[in-house]
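Before we start, here is the structure in question, set down as structure tokens.
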Amino acid sequence: MTREEACSKIDEAIANFGIKGQLIEKKPYGNGHINDTFLLEYRNDNNQIKKYILQRMNHEIFKNTQELMENIIGVTSYLRGQILKFGGNPDRETLNFMPTLSGDSYYVDSTKNAWRMCGFIVDTLCFEAVNTPDDFYQSAVAFGNFQRLLSDYPAHTLHETIANFHNTASRFKDFKNAVNADVCDRAKEVEAEIKFAMDREKDAAVLVNMQASGELPLRVTHNDTKLNNVLLDRETGKAICVIDLDTVMPGLAINDFGDSIRFGASTGLEDEQDLSKVSLDLNLFDIYTKGFLDSCGKSLSKKEIEMLPTGAKMMTFECGIRFLADYLQGDVYFRISRDKQNLDRCRTQFKLVAEMEQKMDEMNQIVEKYAKRQEE
Ligand code: ADP
Ligand code: GN1
Ligand code: MG
């Protein structure tokens, strides 16, 4: 089923959320790789405009919609309570999902595609790349707050929406299977990238082993902490809301930190074709580290703080092998808008990994600097 076919029942879905007023706009929205996102605008009887986000959930990737939505409703309801407790505005600072006419959290249409709707958070900005260092600092504050506000959430009640999501060892196995199968006969043109990954096979198990031995604790984590999964206030530039909660599940805090670094502390876009534009910006690394530790440092252990730079490297490596595996498999997972986009994405990640290896000492020093400040 193509994406157009999967979204063919959008009007049926809209009708089943029973939003009052006249629908005056319906258009595709945002730059996500996974779900199909639409912006809806309604005019109500008082002539006020109300906006909503409607999403067709990607059930090929998230196989259990019921469990996925249970996680999201559980976490957003809890966050609502926390935000109220600290005097915030829960209508803006967390996602708010609309029930269907029958009171469910999502609607399954007649072609078996599942839809959910949440309030559109107005007067916010969402960036694909860091515009100013303060935006990046604010995104760190948002993800740090998220970690802190959920630190007492019963993690064991969360479903694993995608098994082994950030299990880099298991991702490495998948990558090797993709190389061996080579279903599109593409392996021969990416020998250098395959070698780069193979040379680092032993790294893939490091964090999984530390988690298994108890050195790193499982926490409620977001698991997709890209800059474009946070909304900033249009006027003040302050962090407002963490979005895209599909992958909230128990995980490692250092992976949440690391995913933000791989995406936001790069001087180039994730799919940049000119690798000379892609580099790890240590100033941005410094800023994000400061924001993250300022907002959640006290809920992290010493070991977690010490391992933050490794988290950055491992999330970048993991993403690189996922992009490469997808390229080898014929671009079946990450949405592409041009040929070789997944290969370009892999190359930017591997360039960053190589730089992180060279800059590991500097990253460690930056983390130590803020860790010390916290202890004072
Ligand atoms: P994907 O999983 O495909 O990345 P997201 O849930 O991140 O989907 O949504 C895609 C984009 O839609 C986001 O990057 C953001 O720009 C926008 N968006 C999503 N939810 C909201 C919301 N509640 N208010 C405002 N913008 C939103
Ligand atoms: C996907 O949905 P989106 O675009 O925020 C992916 C992440 C990757 C990211 C790479 C469920 O995130 O794991 O890091 O692309 N999400 C899923 O840009 O696989
Ligand atoms: Mg997203």
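I need Met98, Met315 ordered by Cβ neighbour count within 10 Å, fewest first.
Details: Met98 15, Met315 28.
If I rank by nearby Cβ atoms, fewest first, I get Met98, Met315.
If you don't mind, another one. Just to confirm my numbers, what's the Cα centroid distance between the stretch 292-338 and the stretch 177-243 in Å?
Each part's Cα centre sits 3 Å from the other's.
Here is a further query. Name the lysines eligible as straight-distance cross-link partners of Lys369: C-alpha to C-alpha under 17 Å, and not fewer than 8 places from it in the same chain.
Lys290, Lys298, Lys302, Lys303, Lys359
Tell me, how many Å apart are the Cα centres for the stretch 125-175 and for the stretch 71-103?
What the calculation gives is 18 Å, centre to centre.
Any lysines with Cα under 19 Å of the Lys26 Cα? List them, leaving off those in the same chain fewer than 8 positions away.
Of all the lysines, those that pass the test against Lys26 - Cα under 19 Å, at least 8 places apart if same chain - are Lys9, Lys50, Lys51.
Okay, moving on. Take the alpha carbon gyration tensor of the stretch 140-282, find the square roots of its eigenvalues, order them as a ≥ b ≥ c, and report rounded if a/c is under 1.5; if not, report prolate when a/b exceeds b/c, else oblate. Kindly include the intermediate steps, with their values, before the conclusion.
On the way: a/c = 2.16, a/b = 1.29, b/c = 1.67.
Taking the square roots of the gyration eigenvalues as a ≥ b ≥ c, the stretch 140-282 is oblate.
Which FRET efficiency value, to the nearest 0.05, do you get for Glu189 and Arg335 by plugging their Cβ-Cβ distance into 1/(1 + (r/R0)^6) with R0 = 25 Å?
On the way: r = 22 Å, r/R0 = 0.86.
Calculated value: 0.70.
Moving on to the next point. With r defined as the distance between the Cβ atoms of Glu201 and Asp91 and R0 fixed at 45 Å, what FRET efficiency is calculated, to the nearest 0.05? List each step's numbers first, then the result.
Details: r = 47 Å, r/R0 = 1.05.
That pair, Glu201 with Asp91, gives E of 0.40.
If r is the Cβ-Cβ distance from Asn177 to Thr2 and R0 is 22 Å, what FRET efficiency results, to the nearest 0.05?
Details: r = 26 Å, r/R0 = 1.19.
After rounding to 0.05, the efficiency reads 0.25.
Counting Lys and Arg as +1 and Asp and Glu as -1, each charge on the Cβ, what is the dipole of the chain about the Cα centre in debye, to the nearest 20?
On the way: 46 positive and 59 negative charges, 101 e Å.
Roughly 480 debye for the chain.
Going 7 Å from the Cα of Arg234 toward and past its Cβ, which residues in the stretch 113-150 have a backbone nitrogen under 15 Å from where you end up?
Inside the label zone: 120-127.
Something else about it: Tell me which of Ser139, Ala169, Val190 sits at the most positive position along the dipole axis of the stretch 134-214, charges placed on C-beta atoms (Lys, Arg +1; Asp, Glu -1).
It is Ala169, whose Cα lies furthest towards the positive end.
Projecting each Cα onto the charge dipole of the stretch 1-66 (Lys/Arg +1, Asp/Glu -1 at the beta carbon, about the Cα centre), which of Ile49, Asn35, Phe17 comes out farthest on the positive side?
Ile49
Okay, next question. When we measure straight from the Cα of Lys202, which lysines land under 17 angstrom away, once same-chain ones fewer than 8 places off are left out?
Lys173, Lys176, Lys313
How much length is gained if the chain between Lys51 and Lys20 is pulled fully straight, taking 0.36 nm per residue apart and subtracting their Cα-Cα distance, in nm to one decimal? Please report the intermediate quantities before stating the final value.
Working: separation 31, 0.36 × 31 = 11.16 nm, distance 1.16 nm.
So the extension gain works out to 10.0 nm.
Along its principal axes, what span do the Cα atoms of the chain show, with the longest given first and each in whole Å?
61, 57, 38
Okay, moving on. Work out which helices of the chain, taken as complete DSSP H runs, extend at least 15 Å along their axis over the Cα atoms and score a mean Kyte-Doolittle of -0.5 or more, then list them. Walk me through the numbers on the way to the answer.
Working: long enough: 65-85 (30 Å, 0.04); 133-149 (24 Å, -0.36); 168-181 (19 Å, -0.65); 253-264 (17 Å, -0.02); 282-296 (21 Å, 0.43); 308-329 (31 Å, 0.34); 341-358 (26 Å, -0.96); 360-375 (22 Å, -1.49).
What comes out of the filter, once short or polar helices are dropped, is 65-85, 133-149, 253-264, 282-296, 308-329.
Values in this text are rule-based calculations from the coordinates and carry no lab data. Computed from a predicted structure; not experimentally measured. As a convention, Cβ positions derive from the backbone with ideal geometry for all residues, glycine included, and neighbour counts pool all protein chains shown.
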